[in-house]
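Participant: Dumping the structure here so I can ask a few things about it.
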Amino acid sequence: MLVLSRRAGESVVVGDEVTVTILEVRGDVVRVGIDAPRSVSVHRAELLAELATSNQGAASPPQEAVATLAEALRRRKD
Amino acid sequence: MTTTVRPVAEQERDECGSVGVMHDLPVIELVHPLPGFPEHRRFALVQLDDDGFLCDLRSLEDPDLRFLVASPVPFFPDYAPEVGDDVVAELEIEDASDVLVLLVLTAGASLAESTANLRAPVLVNTTTRRATQVILDDSTLSVAVPLAS
């Protein structure tokens with residue numbers, strides 16, 4: 001991992017197309033601006049982790065749960 | 001620039017069936033793997049009930065891996081995710097009506113205990129069979145919204 005010290009207003013360039021700029025430092029909160037092409041997805045790490053956990057919890061549900069859900073749906077429609 | 005992918009109510013009754021999932025969409029290819037499942041790219045979309053409310057997303061690489069997915073229409077009729085140009089380009093979307101919107105469900109013991117992921121729907125281009133789980137830029141949407149409210 002590359003570790004750098006930066007001040008507000010200073011930037012780091014990643015590859016040819018991604019620029020990360022420190023916008024503001026206030027207390028323990030750092031505001032970061034990320035300028036990247038559309039093809040590069042930028043997400044908060046904790047959101048990706050939450051999504052991974054959600055997907056893992058959703059994966060391969062027991063057959064009984066699926067049957068119960070399908071039945072509840074059918075009843076709801078009636 | 002964003003594109004709104006609004007599931008059409010008339011098509012919903014057999015959302016999965018209406019696009020011929022079983023016969024016409026045997027294989028869909030994820031342009032990015034699902035978060036948490038980096039090794040799996042190819043899935044079959046299989047209708048589970050007569051109405052086509054429920055479908056199974058079955059991994060072609062791992063027979064034990066599947067996800068229960070559903071159309072948002074019967075549960076969240078106002079749900080209309082907006083996606084950016086990057087997603088439109090990646091899925092090669094030419095017409096929003098070609099896009100199948102699927103919610104990943106976490107099945108519980110009952111409808112009330114089951115949840116849908118509204119923050120990150122799976123979008124399928126039914127023409128190109130390219131799909132991806134899109135993380136919507138809307139922090140009011142949760143990854144676990146109860147199906148029955």
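The values are calculated or read from the model by the stated rules, or taken from the named source; none is laboratory data. These figures come from a predicted structure and were not determined experimentally. Quick reminder, even Gly has a Cβ in these numbers, built from the backbone with ideal geometry, and neighbours come from all protein chains shown. Each accessible area value is taken on the protein alone, full model and side chains, heavy atoms only, with ligands, DNA and RNA left out. Shrake-Rupley method; radii C 1.70, N 1.55, O 1.52, S 1.80 Å.
Participant: Conditions: (1) at pLDDT 90 or above; (2) open to solvent by less than 50 Å² (accessible area, probe 1.4 Å). B:GLY17 meets all but one. Number of the miss?
Facilitator: (1)
Participant: Considering (1) in a helix (DSSP H, G or I); (2) of a type in the set (A, V, I, L, M, F, W, C); (3) surrounded by 14 or more Cβ atoms within 10 Å (Cβ to Cβ), say which one A:VAL20 fails and leave the rest.
Facilitator: With respect to (1) in a helix (DSSP H, G or I); (2) of a type in the set (A, V, I, L, M, F, W, C); (3) surrounded by 14 or more Cβ atoms within 10 Å (Cβ to Cβ), A:VAL20 is out only on (1).
Participant: Would a scan of the stretch B:124-135 turn up a residue that is out of contact with any helix residue (DSSP H, G or I) (no Cβ under 6 Å at 6 or more places or on another chain), at the interface with another protein chain (Cβ under 10 Å from one of its Cβ atoms) and part of a loop (DSSP other than H, G, I, E, B)?
Facilitator: Yes.
Participant: Yes or no: B:ASP138 surrounded by fewer than 17 Cβ atoms within 10 Å (Cβ to Cβ) and modelled with pLDDT of 90 or more?
Facilitator: On the way: surrounded by fewer than 17 Cβ atoms within 10 Å (Cβ to Cβ): yes; modelled with pLDDT of 90 or more: yes.
The answer is yes for B:ASP138.
Participant: Taking the condition of being within 8 Å of another protein chain (Cβ to nearest Cβ), modelled with pLDDT of 90 or more and part of a strand (DSSP E or B), how many residues in the stretch B:57-97 meet it?
Facilitator: 3
Participant: Of the numbered conditions (1) of a type outside the set (Gly, Ala, Ser); (2) loosely packed, with under 13 Cβ neighbours inside 10 Å; (3) closer than 22 Å to B:ARG58 by Cα; (4) facing chain B (nearest Cβ under 7 Å), A:THR68 satisfies every one except a single condition; which is it?
Facilitator: If we test A:THR68 against (1) of a type outside the set (Gly, Ala, Ser); (2) loosely packed, with under 13 Cβ neighbours inside 10 Å; (3) closer than 22 Å to B:ARG58 by Cα; (4) facing chain B (nearest Cβ under 7 Å), just (2) comes out false.
Participant: Scanning for something closer than 20 Å to B:ALA107 by Cα, assigned to a loop (DSSP other than H, G, I, E, B) and at the interface with chain B (Cβ under 7 Å from one of its Cβ atoms), does the stretch A:25-40 turn up at least one residue?
Facilitator: At the first step, the residues of the stretch A:25-40 found to be closer than 20 Å to B:ALA107 by Cα are none.
Within the stretch A:25-40, not a single residue is closer than 20 Å to B:ALA107 by Cα, assigned to a loop (DSSP other than H, G, I, E, B) and at the interface with chain B (Cβ under 7 Å from one of its Cβ atoms).
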